[in-house]
């Protein structure tokens, strides 16, 4: 099994940054983008959780937009947007 090398992370993050939202990503991009190990990405895929996958034969890819949504879904303790208080109630 391939391990993500620390020297690869900056390149992967740069590629991830410039990729359009509909781009297909590798598991290496997903691991770098999430700041986790390749083995965790693989474990999550095997257990059916984590970022949704696209399977093309034996090849597994991830949509950048799915990665973004997955990361947004991990946020906790963020207050809901509150409507502005009108001046008549102030």
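Annotation note: Cβ proximity below 9 Å between a residue of region 20-35 that is free of Cβ contacts under 8 Å to residues at least 24 places away in the same chain and a residue that is part of a helix (DSSP H, G or I) and surrounded by fewer than 22 Cβ atoms within 10 Å (Cβ to Cβ) (sequence gap 6+ or interchain) occurs for 35/9. Scanning region 9-26 for residues that are touching a helix residue (DSSP H, G or I) at 6+ places or on another chain (Cβ under 7 Å) and farther than 16 Å from residue 69 by Cα yields 9, 12, 13, 15. As a summary of the residue check, residue 61 satisfies the conditions (1) in contact with a strand residue (DSSP E or B) (Cβ under 7 Å, 6 or more places away or on another chain); (2) part of a helix (DSSP H, G or I) except for the one numbered (2).
Going by what's in this entry, would residue 17 be described as assigned to a helix (DSSP H, G or I) and farther than 21 Å from residue 3 by Cα? Criteria met by residue 17.
Among the residues of region 28-40 satisfying the criterion of being assigned to a helix (DSSP H, G or I) and over 10 Å from the mean Cα position of the chain (by Cα), which is nearest to residue 56 (Cα to Cα)? Among those residues, the one meeting the criterion is 28.
Read the figures in this text as sums done on the coordinates, not as results from a lab. Remember, it's a predicted structure, so these values are computed and weren't measured experimentally. FYI the Cβ positions are ideal-geometry reconstructions off the backbone, even for glycines, and counts take in every protein chain you see.
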